[in-house]
């Protein structure tokens, strides 16, 4: 589905320096690949490079990116625009700042629909055609909103972070996307919302059969979601493999340190009997909140 | 409507709003408010004191001062409106293209702005008038030429900051085109701030227009304009000081009204000010 080969990114401010070096990994259809590593190691830049959205000061100096057989590097700006939100969508980290504060949720839907097969040019929420409205309602219902019309009429500040993140997933699901990039989608959320979003992402992946690239630095999230794990450190991939193998026998010192740091939060140690032949379960058990009591569940 | 309510909540701003509206209404309905023709010369009636017929008296050519004052509002506000509209059109286009496109386009447009910023308004006005001749059009051209670059620079800065916001990135991720991105997500963020700046500058532009007209470079006599009226009354400063006082007061009140309105608008659009400051 997604193949990144020998990706090199360079920051142009001051003396040019490489921030991502020789990064290669793939995201197969219907599977979740987790990109892990500390803040500033180049995870988010890699994500932005996949959609051709690098900031001005960053340049791709090498490597290829292929989505569903199409080389992103060779695409014209128009094709690239059609790819974003059409074949591949992205969920960003901070849902509160990802919505234009002066536009309703309906306006955001209109804009995404106009960009991908809706009614172009009609951008007034008052004249949203019934077919577009039905698509928006369907998409919001799919992410678990009982009354989509209330959400459509709301302004971003009237919704919670978890709700906005679900709206963002709903926006991504407007088109039949094949690849979903989720850049730390749970970092800014409370644990209850985190669990909800992860379940939603998992269900959505299964239902639509899309490939998911999940960027995170939370090993608990990796344990719960990942099929494959790619570990990045200082702009390079230091280790990658299936989640069970990587958790059981991390080869690189950084991966071991990452796992150890996570386990130590819960009073466990990498060499502990309890952890044993390490599988994702101990990490998962340590990081996943228990079942959410009915009274604290949010809509 | 909420904005208008916030704007009018302060007493000073409310007063400024009323004054600005009054000047605008006077400019719009000047012919209905006075039965005299502002350019009607009657030398037998020159330098008359205020009377029932001529409420503010007559000038050195026997023209009704009130009629000239009311029609003068048209010339002053009309020229300022044209100037502000031209500046906004030019600077919004240049500033948003420079800020959004970045790179070489930005560098080229900003050097162009720098070039225009080097000209002082009055010197450029004299230069243009020297070449093209005196007249309102050339004064408008000179003021637009020396002011648009300030606005373009500010707009560029705002666009630069807005385009890195996450909601703009999210819109790009969703496949929104560049034109729509600028029109829907960037310019709506720029516009309120520029509106404040333009309102604050209306007074400043008016002083330029009146100043240049006073020097004989702008509006040409006998057209009624406040700067021209002050110039006409110059030689009667000792004998008929009220002839200078009326247009001077009109300029003072209008400039003050728009300045205070701009201040009020800035406060009304400032979210920190609206809640009474952080932590309150």
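Where a number appears in this text, it was derived from the coordinates with a stated rule and is not lab data. Predicted, not measured: the structure shown is a model, and the values here were computed from it. We place every Cβ from the backbone using ideal geometry, glycine too, and count neighbours over all the protein chains shown.
Could you work out the relative contact order of chain A? I mean the mean sequence separation of Cα pairs under 8 Å and 6+ apart, divided by the number of residues, in percent.
Numbers: 527 pairs, mean separation 72.2, N = 299.
RCO, chain A: 24 percent.
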Label-point separation in nm, residue B:126 to residue A:242, each point 7 Å along Cα→Cβ
8.6
Between residue A:70 and residue B:40, what is the spin-label point distance in nm, taking each point 7 Å from the Cα along the Cα→C-beta axis?
7.4
Mean separation of Cα contacts under 8 Å (6+ apart) over length of the stretch A:95-174, as relative contact order %:
43
Mean per-residue count of partner chain Cβ within 10 Å for A:81-88 equals 3
Extend 7 Å from the Cα of residue B:118 along its Cα-to-C-beta direction; within the stretch B:135-153, residues with backbone N under 18 Å of that point are B:145-150, B:153
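Do the sum for chain A: with -39,500 (n - 2.57) for every DSSP H run of n ≥ 4, divided by all residues, what is the mean residue ellipticity at 222 nm, to the nearest 500 deg cm²/dmol? It would help to have the intermediate numbers written out before the result.
On the way: 11 runs with 107 residues, N = 299.
After summing the helix terms and dividing by residue count, I get -10500 deg cm²/dmol.
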Would you mind checking the tilt of helix B:103-117 against the longest principal axis of the Cα atoms of chain B, expressed as 0 to 90 degrees and rounded to 10?
20
Which percent, nearest 5, of DSSP beta bridges in chain A are antiparallel?
55
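What percentage of all Cα-Cα pairs in the stretch B:1-148 are separated by more than 18 Å? Kindly include the intermediate steps, with their values, before the conclusion.
Working: 7884 of 10878 pairs.
Summing the P(r) tail past 18 Å for the stretch B:1-148 gives 72 percent.
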A correct fewest-to-most ranking of B:46, A:87 by other Cβ atoms within 10 Å would be B:46, A:87
For B:162-171, mean number of other protein chain Cβ atoms within 10 Å:
6
Run the quick spin-label model on residue A:79 and residue B:180: label points 7 Å from Cα toward the beta carbon, then report their separation in nm to one decimal.
2.1
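Could you compute the FRET efficiency for residue A:15 and residue B:239, with r as their C-beta to C-beta distance and R0 at 56 Å, rounded to 0.05? All intermediate terms of the calculation are to be shown ahead of the outcome.
Details: r = 74 Å, r/R0 = 1.33.
Between residue A:15 and residue B:239 the formula returns 0.15.
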From fewest to most C-beta neighbours within 10 Å, the residues B:182, A:167 line up as B:182, A:167
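Ranking B:76, B:161 by Cβ neighbours within 10 Å, fewest first, what do you get?
Numbers: B:76 28, B:161 13.
Ordered by Cβ neighbours within 10 Å, fewest first: B:161, B:76.
Mind checking the alpha-carbon convex hull of the stretch A:27-145 and giving the volume per residue in Å³?
Per residue, the Cα convex hull of the stretch A:27-145 comes to 166 Å³.
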Nearest 5 is fine: what % of DSSP beta bridges in the stretch A:148-242 come out antiparallel, could you say?
55
Output the 0 to 90 degree angle, nearest 10, between the alpha-carbon long axis of helix B:242-269 and the longest principal axis computed from the alpha carbons of chain B.
20
Calculate how steeply helix A:161-172 sits against the longest principal axis of the alpha-carbon atoms of chain A, using the helix alpha-carbon long axis, and give the answer as 0 to 90 degrees to the nearest 10.
70
Rounded to whole angstrom, the alpha-carbon centroid of the stretch B:169-188 lies from that of the stretch B:134-156 at a distance of 29
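I'd like to know how the protein assembly as shown sits against the 2.2 N^0.38 Å rule of thumb: what's its Cα Rg over that expected value? The partial results should precede the final answer.
Values: Rg = 32.4 Å, N = 579, 2.2 N^0.38 = 24.7 Å.
So the protein assembly as shown has a normalised radius of gyration of 1.31.
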Return the calculated 222 nm mean residue ellipticity for chain B, to the nearest 500 deg cm²/dmol, obtained by summing -39500 (n - 2.57) across DSSP H runs with n ≥ 4 and dividing by the residue count.
-23500 deg cm²/dmol
Euclidean distance between Cα centres, the stretch A:46-80 to the stretch A:163-194, Å
22
Suppose R0 equals 30 Å. What FRET efficiency, 1/(1 + (r/R0)^6) with r the Cβ-Cβ distance, do residue A:102 and residue A:192 give to the nearest 0.05?
0.55
